[in-house]
Amino acid sequence: MAIKSAKTSLTAIAATLACLCAAPSASAEHAVRADKATSASNAAPIMDATSRAPITILISIDGFRADYLERGLTPQMQNLADQGAVGKLRPSFPTKTFPNHYALITGKRPDRNGIVGNNMVDPRRPNETFSLGDPKQALDPFWWNEAEPLWITAEQQGVRTATMFWPGSEVPFHKQRPRDWVRFDSAISNEQRVNTVLDWARRPADIRPAFITLYFDTVDTAGHRFGADSREVNDAIADVDRKIGQLLSGLAAMQQPARLILVADHGMRTTSESEVIQLSDILSLDSIRAVEVGPYAAIDPIAGKEAEVEAALLRPHDHMNCSKRQDLPERLHYGKNPRVAAIICIAQPGWSIFAGPAPWSANGGSHGYDNMDPDMLALFIAYGTHLRGDIGTVDNIETYPLVARMIGVTPLPSDAVGMLAK
Ligand SMILES: [Zn+2]
């Protein structure tokens, strides 16, 4: 039922897109795709090509591991993938939410975008800790000013933007913000989020955003609480897929062509209380400040205790590797930013590092491991772009120039090589 109607909706969007795609080199491919879509169900009328310019919607499904698509729970997303492109995003290290959302929207890895962790300390403010749970810090532009997010660049180039949540979107960047934005509130339901996007799309052309972000957190929340293979995660996946269908149906009803780019910030790995590394077994907790714990630990020795802490941590351990930040493997592109703690310990995938009492139950799921862990790979689907088929595994920073191209914005220099934007 819902699947069939959304397929028809998709056909309408695809047919419109075939007329309106701005990327000149892709017009032939779009024609092919439109034919395929048309043959899949009853043809929708091709609309007046001058009626509505396409909008680009960047959708993040937090914690949507790449292989969740293979569970047979996501007909709407599969439909988009079949008509567009699908792949796996390799998150940046650390494979955490804020560093990766900022990497996706700036094209710069955490070391260069300044959001080096969900929790972090800046040597210029040694007595303060950036933390998701502390709005005073999380909303302070000081932490976000090292890289310019795409919505700011877009506004400066005359492209109207709107953010239905995205980490960093509530924070002014040199006093600028997206034209429309919403203060994060997990109580705003997924359905309300989609309706807000549809309300924006419904606006008259002169005040309609051309670039919109949309963010869902329910899949990640279920993954943390119940583990990656739980019924609760599957329910959350299916629910978000239905919301994608709601979005497609709404856009089709107003004959609004759209390009959709679906991403996730990281994957999810099931964890267990039987796989815990307790730092108090290795050193005196009085000798360290543990800025971050869990799949990786960010540790600053207390002044005067450096040698003692290094001796304890830098030797081999069974289920984690610790390095001074300047000695981390080059492939992680991490450790040069002064906000990175002096010592970074990365747990073997599935294990958790704690410093004293666990701040959460280790029985559930987590992320933050080495970004080479296959379970950290994240969702990627592009629909209505020039990309087709399976694009394989790409670094998540490559999404930035792709989205910039879709909205006609010249991107700032970034860490991306542009492999998705060519
Ligand atoms: Zn996340």
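Selection over the range 329-348 of residues that are touching a strand residue (DSSP E or B) at 6+ places or on another chain (Cβ under 6 Å) and either of a type in the set (Phe, Trp, Tyr) or in a loop (DSSP other than H, G, I, E, B) (or both) gives a count of 3. Across the range 150-162, a minimum of one residue is classified as part of a loop (DSSP other than H, G, I, E, B) and among the charged types (D, E, K, R).
Here is a check on your reading of the model: is Gly223 assigned to a helix (DSSP H, G or I), crowded, with 17+ Cβ neighbours inside 10 Å and touching a strand residue (DSSP E or B) at 6+ places or on another chain (Cβ under 8 Å)? Criteria met by Gly223.
Considering only residues in the range 266-308 that are of a type in the set (A, V, I, L, M, F, W, C) and assigned to a helix (DSSP H, G or I), the one that is surrounded by the fewest Cβ atoms within 10 Å (Cβ to Cβ) turns out to be Ala307.
Taking the range 206-219 as the range and being within 16 Å of the ligand (Cβ to nearest atom) and either touching a His at 6+ places or on another chain (Cβ under 8 Å) or in a strand (DSSP E or B) (or both) as the test, the residues that pass are Thr213, Leu214, Tyr215, Phe216.
So for the range 349-357 (the condition being among the polar types (S, T, N, Q), in a loop (DSSP other than H, G, I, E, B) and either farther than 24 Å from Val233 by Cβ or touching a residue at least 40 places away in the same chain (Cβ under 8 Å) (or both)), does at least one residue qualify? Checking the range 349-357: not a single residue is among the polar types (S, T, N, Q), in a loop (DSSP other than H, G, I, E, B) and either farther than 24 Å from Val233 by Cβ or touching a residue at least 40 places away in the same chain (Cβ under 8 Å) (or both). On the basis of being farther than 26 Å from Thr196 by Cβ and either buried (at least 22 other Cβ atoms within 10 Å of the Cβ) or not hydroxyl-bearing (Ser, Thr, Tyr) (or both), does Pro338 make the cut? So Pro338 passes the test. Considering (1) out of contact with any helix residue (DSSP H, G or I) (no Cβ under 9 Å at 6 or more places or on another chain); (2) in the same structural domain as Arg90 (by TED's automatic domain parsing), the lone condition that Ile277 does not fulfil carries the number (2). Sub-7 Å Cβ pairs linking a first residue in the range 208-219 that is in contact (Cβ under 8 Å) with a residue 12 or more places away in the chain to a second residue that is small (Gly, Ala, Ser) and part of a strand (DSSP E or B), at least 6 apart or interchain, are Pro209/Ala162; Ile212/Ala162; Tyr215/Ser60, ordered by first then second residue. Residues in the range 239-269 that are within 16 Å of the ligand (Cβ to nearest atom) and not hydrophobic (A, V, I, L, M, F, W, C): 4 in all. One residue stands out in the range 346-374 among those that are in contact with a Leu (Cβ under 7 Å, 6 or more places away or on another chain) and among the aliphatic types (A, V, I, L, M): the one that is surrounded by the most Cβ atoms within 10 Å (Cβ to Cβ), namely Ile353.
Return yes or no: is Asp286 under 19 Å from the mean Cα position of the chain (by Cα), among the acidic types (Asp, Glu) and modelled with pLDDT of 95 or more? So Asp286 fails the test.
The values are calculated or read from the model by the stated rules, or taken from the named source; none is laboratory data. As the structure is a prediction and not an experimental result, all values here were calculated from the model. Ideal geometry is used to build each Cβ from the backbone, glycine not excepted, and the neighbour counts take in all protein chains shown.
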